[in-house]
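First the structure, in the form of structure tokens, and then the observations on it.
Quick note: the coordinates plus some simple rules give every number you see, no bench work behind them. Please read these numbers as outputs of a predicted model, since none were measured by experiment. Glycine gets a Cβ as well: all are built from the backbone with ideal geometry, and neighbour counts include every protein chain shown.
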Amino acid sequence: MLGFLFLERAVFATNFSQNLCAVAETQEHSYCGHMTRNITLSVEDSVLKEVRRIAVEQDTTVNGLVRRYLHELAGEKKKRAKARRDLLKLLPKMKARVGRIRWTREELHAR
């Protein structure tokens, strides 16, 4: 989705983020329940313009799009690990069997 965003530089602003959460708590905002970090991204103007258009179409913000993309990216490893475990559970139940390999790599790739 936002894979085209070029994350040229990310600066973590710990103190700013903590202060923002403290202010948000006094204003009864719930998005600071987990430790959050602010990052600074550098991206070409044309890309930012297009991403803003996409954000409006999806009724969100650029920040929301980036946050969603990063959550999805972080969750992919867990999804792959679960899929691998599920597959390994199914393998003993499968009726298909693989015989001996009787070919060589060279034979397989011969032109």
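What residue, of Arg53, Arg67, is under 30 Å from Thr36 (Cα atoms) and either part of a loop (DSSP other than H, G, I, E, B) or more than 20 Å from the chain's Cα centre (by Cα) (or both)?
The unique qualifying residue is Arg53.
Which of the numbered conditions does Leu90 fail, given that it passes all the others? Conditions: (1) in a helix (DSSP H, G or I); (2) touching a helix residue (DSSP H, G or I) at 6+ places or on another chain (Cβ under 7 Å).
(2)
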